[in-house]
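Asker: Here it is: the structure, laid out below.
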Amino acid sequence: MTLKLYQFEPCWGIPNASPFCMKLETYLRITGRDFENCTGNQYLQKAPKDKLPFIEDQGKTIADSSLIIEYLKTTYNDPLDQHLSAYDRGAAKGMQRLFEDHLYWVVLYIRWVEYWPQIKNLYFNDLPPVLRNVIATVARRRTLANLNGQGIGRHSRDEIYDMGKRDVEAIAHFLSAKPYALGDQPTTLDATAYPFLVNILDVPIESDLKAYAQGFENLRAYCDRMKSQFYPDL
């Protein structure tokens, strides 16, 4: 029985505007695992944690990209990271947290605060006119509350951008001249790094963060390399 991946539809010329959906698809592509790609907002109705992505595999339904990857590693004895030292594993976990628990919130602020009209059209344009504004307003209000609760939303625009730029700079220095995040071979960390970088560099949101990231040639080269190897169909 083929694993089913449920996620949002591709947009903006990238696999997914959700770094977490794209993270899981990238992991599956890196490991070469067969899967059925089920895309669309309608799958939110059956998502066990009211979020995408989630998977169905061997009669199980599992949500959260990190928990799904841990499940896949355990279930299928994935050898992707077996060559890594304890130090590399620790560094990978720290970088993953930088992407997912800090830079993510900066990107969320840019999209839902500064570029809200574009996001509204992207996420809610297919809804009936009667519902579009109501649902979009509720979703934005919830997102702004989450930004405030996490803490990023309490800062000024300049402070938030400065935080994001420091994250991007740290990522660029960490990657350095390495072909992949941790050396000559792709690892699970690349499944996180590539989606987040693409969602800054290759989306039609001309933010100051995007302009700053474009100044690091190694980030552009890294994204091109990952796309060529794991998304040649794009």
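Asker: Could you check, for the range 166-185, whether at least one of its residues is touching a strand residue (DSSP E or B) at 6+ places or on another chain (Cβ under 7 Å), buried (at least 19 other Cβ atoms within 10 Å of the Cβ) and not in a helix (DSSP H, G or I)?
Answerer: The answer is no; no qualifying residue exists.
Asker: For Pro195, indicate whether it is surrounded by 12 or more Cβ atoms within 10 Å (Cβ to Cβ), closer than 19 Å to Trp112 by Cβ and at pLDDT 95 or above.
Answerer: In short, yes.
Asker: For Glu36, indicate whether it is among the charged types (D, E, K, R) and assigned to a helix (DSSP H, G or I).
Answerer: no
Asker: Test Ser156 against the criterion of being under 30 Å from Gly32 (Cβ atoms), polar (S, T, N, Q) and over 20 Å from the mean Cα position of the chain (by Cα), and give yes or no.
Answerer: no
Asker: Using beta carbons and a limit of 7 Å, which pairs, at least six apart or on different chains, have the first residue in the range 171-188 and outside the structural domain of Tyr27 (by TED's automatic domain parsing) and the second one crowded, with 18+ Cβ neighbours inside 10 Å and part of a strand (DSSP E or B)?
Answerer: Matching pairs, first to second residue: Pro186/Tyr180; Thr187/Tyr180.
Asker: Another question about this same structure. May I ask you to list pairs of residues, at least six apart or on different chains, whose Cβ atoms are under 7 Å apart, with the first in the range 103-127 being farther than 13 Å from Thr143 by Cα and free of Cβ contacts under 8 Å to residues at least 12 places away in the same chain and the second being β-branched (Val, Ile, Thr) and part of a helix (DSSP H, G or I)?
Answerer: Close Cβ pairs (under 7 Å, with a partner that is β-branched (Val, Ile, Thr) and part of a helix (DSSP H, G or I)) amount to Leu127/Ile135.
Asker: Only residues that are of a type in the set (S, T, N, Q) and either surrounded by 24 or more Cβ atoms within 10 Å (Cβ to Cβ) or under 17 Å from Met22 (Cβ atoms) (or both): list them for the range 198-208, please.
Answerer: Asn199 - this is the single residue of the range 198-208 that is of a type in the set (S, T, N, Q) and either surrounded by 24 or more Cβ atoms within 10 Å (Cβ to Cβ) or under 17 Å from Met22 (Cβ atoms) (or both).
Asker: Can you tell me which residue among Val106, Val113 is surrounded by fewer than 18 Cβ atoms within 10 Å (Cβ to Cβ), assigned by TED's automatic domain parsing to the domain that holds Arg157 and either of a type outside the set (Phe, Trp, Tyr) or more than 19 Å from the chain's Cα centre (by Cα) (or both)?
Answerer: Val113
The values are calculated or read from the model by the stated rules, or taken from the named source; none is laboratory data. Quantities reported herein were computed from a predicted structural model and do not represent experimental measurements. Counting neighbours? That spans all protein chains shown, and the Cβs are built from the backbone with ideal geometry, glycine included.
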